Amino acid sequence: MHPSKGDYSGRRTAPLSVTPAVAKEASEVGRDLLVRLRLSEEDDAKEQALATKEYSQSDLMHMNFFLDISSLGISKAFKYEKSFNIGKKYFKHTSETERLRRVSLFLEATKSMNDYANQARNAVSGEPQEVIIIFDAILSRKASRYFTAGQKERENILAELDGRNAKYFIGDDKGELSVFQAYKSAMNFLKDRENTLYDPSNDADPVSFAQAFGRE
């Protein structure tokens, strides 16, 4: 995240962004009793301490993940003259095979979350019960509100995706097409050789970050 010579080139930008996980309804809060026991009746320095810790008993959470393919394994270099941005150049750092592998790992990770902070002793699951997986040609996050929207808004979101030929897969473990089937279809679509990832570098030869920006 260090600018180079004032032109803001050479910054590493994370391609992944997320929304906070928000409970669908009001949380059901439980309280866990925490006790520090005295080891000796004669030890007056350590009194028995009682405390309670609040935790969520049961919540359905909405969460969204967005992967910017144009920044996946690719860096941007900007050119400025008198404070005006007059151009930019893209440097590719990995092969297309590696970029595809990283997208596959991203998809796998979104369906395999099992841990939350402060829930080390509780059996929790971030594995989705409902999911919409979208392969889009533009950088749009509108579908992130799909599962919180009403029926008409959902229809309009899907109509907009259809209008620009975006590919999407919807899964619901309570419906006919399960989450597992949606992920399986999405992975097959990703692995189809006729489909390629957007590459703003125009298939440039991969170079290291140091080579691209002249750093050790």
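The values are calculated or read from the model by the stated rules, or taken from the named source; none is laboratory data. Being a predicted model, the structure only gives us computed values, none of them experimental. We place every Cβ from the backbone using ideal geometry, glycine too, and count neighbours over all the protein chains shown.
Observations, loosely collected:
- Scanning region 89-121 for residues that are among the aromatic types (Phe, Trp, Tyr) and assigned to a helix (DSSP H, G or I) yields one hit, Phe106.
- Flag for Asn122 being surrounded by fewer than 17 Cβ atoms within 10 Å (Cβ to Cβ), in contact (Cβ under 8 Å) with a residue 60 or more places away in the chain and more than 26 Å from Asp192 (Cα to Cα): yes
- Sole residue being touching a residue at least 60 places away in the same chain (Cβ under 8 Å) and touching a strand residue (DSSP E or B) at 6+ places or on another chain (Cβ under 7 Å), chosen from Phe147, Phe189, Phe169: Phe147
- Of all residues in region 130-144 being loosely packed, with under 14 Cβ neighbours inside 10 Å and in contact with a strand residue (DSSP E or B) (Cβ under 9 Å, 6 or more places away or on another chain), the one that is modelled with the lowest pLDDT: Leu139
- In region 1-11, the qualifying residues are those that are surrounded by 11 or more Cβ atoms within 10 Å (Cβ to Cβ) and out of contact with any helix residue (DSSP H, G or I) (no Cβ under 7 Å at 6 or more places or on another chain), and the one that is modelled with the lowest pLDDT is Pro3.
- Among (1) under 19 Å from the mean Cα position of the chain (by Cα); (2) at pLDDT 90 or above - the single one Met113 does not satisfy: (2)
- Whichever residue in region 180-216 is farther than 18 Å from Phe66 by Cα, of a type outside the set (Gly, Ala, Ser) and at pLDDT 95 or above and, among such residues, is surrounded by the fewest Cβ atoms within 10 Å (Cβ to Cβ): Asn188
- Residues located in region 50-72, provided they are touching a residue at least 60 places away in the same chain (Cβ under 8 Å) and assigned to a loop (DSSP other than H, G, I, E, B): Leu60, Met63, Asn64, Asp68, Leu72
- Of the candidates Glu155, Glu81, the single residue that is closer than 28 Å to Lys184 by Cβ and over 20 Å from the mean Cα position of the chain (by Cα) is Glu155.
- Considering residues of region 145-179 that are closer than 25 Å to Glu25 by Cα and hydroxyl-bearing (Ser, Thr, Tyr) only, the residue surrounded by the most Cβ atoms within 10 Å (Cβ to Cβ): Tyr146
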